[in-house]
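Undergrad: Sending over a structure as structure tokens; questions will come in a sec.
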Amino acid sequence: MDFLKDVFGDKTLTFAEFTQAVNEKKMKLVDLSAGGYISKEKFDAKMDELKAVQDALKQKDEALKQWDGVDLAKMKAENEAETAKLNARIADLQKQNAIDTALLGENIQDLKAVKAYIDFDIVKVGEKGDLTGLKEQVEKLKTEKTFLFKSENGETTPENQPKKLTTGVSHDNQPHVGALSLKDAVADKLGFNR
């Protein structure tokens, strides 16, 4: 209230003198009981807050403008289609991995060679990663295509090796051990040497 001492000084003022003194000092007086006064600091803080909100809205509007004319439903459908394609690819890779792992446990000679005889459409992968339809195919291959598998002790033997056919010409100057001549290969194929 010390600021009023400058207006009154040491004397008593009438209302007219008081109004004149306030105007000379360029003071503004407010009835605070009506709630009509906000301090300059609070006002400035609210103005800064308002400006920040307006700037944020302007940035959001600018960001939204880049989506003008974009078909969001189409984008969503494309995204879902791509996701489905990738999920199918993941499922296929998991299936291939499970098949490869199972085949490697079957004492095979060559994974790629064995996989050439597998019908992958028959093979199904369960929720727990268990395979159905593979074991039957492998067992059939073990009897029909014995050359694809190693012997019980894991070694390659002449019985499970494909037959070699020689033309009679040595390309590496090494004798062809276990190779059949053309005559013997034809006789073997026709069942004469059994």
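Undergrad: Of the residues Lys26, Lys76, only one is modelled with pLDDT of 85 or more and basic (Lys, Arg); which? Show your work before the answer.
TA: Numbers: Lys26 fails: modelled with pLDDT of 85 or more.
Step by step, each of Lys26, Lys76 is checked, and only Lys76 is modelled with pLDDT of 85 or more and basic (Lys, Arg).
Every residue, every condition in (1) surrounded by 10 or more Cβ atoms within 10 Å (Cβ to Cβ); (2) in the same structural domain as Val7 (by TED's automatic domain parsing); (3) of a type in the set (Val, Ile, Thr); (4) under 26 Å from the mean Cα position of the chain (by Cα), yes or no:
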| site | (1), (2), (3), (4) |
| --- | --- |
| Lys28 | no, yes, no, no |
| Asp44 | yes, no, no, no |
| Leu57 | yes, no, no, no |
| Asp61 | no, no, no, no |
| Gln66 | no, no, no, yes |
| Gly69 | no, no, no, no |
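Undergrad: Do we find a residue being surrounded by 11 or more Cβ atoms within 10 Å (Cβ to Cβ), closer than 23 Å to Leu148 by Cα and without any contact (Cβ under 8 Å) to a residue 12 or more places away in the chain anywhere in region 108-121?
TA: Checked against the condition, which is being surrounded by 11 or more Cβ atoms within 10 Å (Cβ to Cβ), closer than 23 Å to Leu148 by Cα and without any contact (Cβ under 8 Å) to a residue 12 or more places away in the chain, region 108-121 yields at least one hit.
Undergrad: Another one. Ser39 passes all but one of (1) polar (S, T, N, Q); (2) out of contact with any helix residue (DSSP H, G or I) (no Cβ under 7 Å at 6 or more places or on another chain); (3) surrounded by 10 or more Cβ atoms within 10 Å (Cβ to Cβ); which number fails?
TA: Only one criterion in (1) polar (S, T, N, Q); (2) out of contact with any helix residue (DSSP H, G or I) (no Cβ under 7 Å at 6 or more places or on another chain); (3) surrounded by 10 or more Cβ atoms within 10 Å (Cβ to Cβ) is unmet by Ser39, namely (3).
The values are calculated or read from the model by the stated rules, or taken from the named source; none is laboratory data. Model, not experiment: these values are computed from the prediction. So basically every Cβ, Gly included, is an ideal-geometry build from the backbone, and we count neighbours across all protein chains shown.
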